[in-house]
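For reference, the structure is listed below as structure tokens.
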Amino acid sequence: MRARALAIAISVVAVLLAALWFTHKGPVPRPLIAQARGHCVVNPSRMRRIHMMWLRQVRMRVVRYGVALRADRLTRCISCHVQKNAQGQAIPINAPGQFCSTCHVYAGVKVDCFACHAAVPEPAFAPGHFSGAHHIQAAFLWPRVLPRHFKASLSRAAP
Amino acid sequence: MTDPDSFVPQDSKAQAENEGGCDVGRRRLLAMAGGVAVLALAPGVTVWASTFRAKGAVDADPVRYGLLIDANHCQGGCDACVRACKQYNGLSGKTGPDNAQWIRKVTIQDPKTGFTRNFPVMCQHCAKPACVAVCPTGASFRRADGIVLVDKHRCIGCRYCLMACPYQARSFVAHKVDDQRPRAPRGKGTAEGCTLCVERVDRGKPPACVAACARRGHKAMLFGNLHDPQSAIAKRLAQYASTTIRADLGMEPGVHYRGI
């Protein structure tokens, strides 16, 4: 009796393994990220790891304290990373296969930035004339670059 | 502004506003309104008022942005400010209950005399905003420079602020938005209202409506720092009598009106 149960169990496992073997397609291919124009405001490999914290921090500073540096604009991220179609029109950056969605589909993480934010750059904006080094320094030191009246009222305005 | 019910912002045929406030200085008028409120509601008001005071005196802020709208210069039939707002912020321009409206032209008329006035009404950027007081998530907030905004990252779309605002300045985005302006993000499920074109203000430019009014040559709107005695708006406020809408509510709007 026990030998029969064992045989059944082994055959079931064998069938499952065989099914896996035949349906297996190999690892999911790594995402192909389109080349950006211009230089990123942070080293790209670092930006890949920190951009979610970066965006959270920056949006708080820009929206609530009104301290917006040039490097903070989501529009600037989009201007460098957006792709154009054959007609020269910008493709929304969250469209399938575009810069944001490529990685986020791979990682299985939803992006909800573009429920509110425009996914294409400003029409008049010319990309690529932006090198970020000094803006970055300012962004990391932001309490020091606050205008005086913001600094004075920060404790009161804090959410 | 003696009768609280005499002003209905969304109704273009609202009842006439009397001229009582025009002969009295703004500060004296506000002081009178405050005095009346304390006398009438002394037991309840004391706690409420001290809660606000604990956050710091707004009058001490070095920057407080505001508007002065001169109804004497505002032309009936002109909607340059409304169209500029629509164009700059990517609004639909429709006026149905589902459509966001940040600024609207209002006509008031005295039924006895037929005296008519036109002026725009938008978020009044109050010193003590009701929308901020009721917001359960802290999404509705007042910036250090006095601009009242919705932080849409925190807004859960409960619409308390729409109910609380006596100026009906807040709107709700009920449908998916696809054609946002890059500098004015807005999306389904969030409340929104006039931002005083905060992105332009941060760049040192006046709001789009003010610029449009000036381009049209009417110059009925003036933007500036109310707390800077040297600014054009503060000088004008010191020179002429002005009033705020529903000053009796004690929310101390940052938008002042002249000639209503």
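Per-structure values
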quantity	calculated
Pairwise label distance in nanometres, A:Ala95 with B:Thr95, each label 7 Å out on the Cα-Cβ vector	3.7 nm
Sequence ranges B:219-225, B:158-164, B:173-179, ranked by mean other-Cβ count within 10 angstrom, highest first	B:219-225, B:158-164, B:173-179
Neighbour cut-off at most 15 other Cβ (10 Å), DSSP loop, trypsin sites (Lys or Arg not before Pro), region A:73-112	A:Lys110
Ranked order, B:Leu149, A:Leu6 - accessible area, probe 1.4 Å, largest first	A:Leu6, B:Leu149
Calculated FRET efficiency for the pair A:Trp21/A:Ser45, C-beta based, R₀ 30 Å, to 0.05	0.25
Other-chain or far-sequence residues with amide H under 5 Å of B:Ser140's (modelled H)	B:Asp151
Inter-probe distance in nm under a simple model that places probes 7 Å from Cα toward Cβ, at B:Asp110 and B:Gln168	2.4 nm
Cβ charges +1 (Lys, Arg) and -1 (Asp, Glu), total dipole of region A:1-104, debye	360 debye
Protection-proxy order for peptides B:230-242, B:70-82, A:44-56, each taking the mean of Cβ atoms within 10 Å per residue, highest first	B:70-82, B:230-242, A:44-56
Alpha-carbon centroid distance for the pair region B:68-123 / region B:227-260, whole angstrom	19 Å
Pairs from B:Lys86/B:Lys235; B:Lys94/B:Lys176; B:Lys152/B:Lys176; B:Lys94/B:Lys219; A:Lys84/B:Lys188; A:Lys110/B:Lys86 whose Cα-Cα separation, in the structure shown, is over 19 Å	B:Lys86/B:Lys235; B:Lys94/B:Lys219; A:Lys84/B:Lys188; A:Lys110/B:Lys86
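The values are calculated or read from the model by the stated rules, or taken from the named source; none is laboratory data. Everything numeric here is computed off the predicted structure, so don't read it as measured data. As a convention, Cβ positions derive from the backbone with ideal geometry for all residues, glycine included, and neighbour counts pool all protein chains shown. All accessible areas refer to the heavy atoms of the entire protein, side chains included, with ligands and DNA or RNA removed. Shrake-Rupley method; radii C 1.70, N 1.55, O 1.52, S 1.80 Å.
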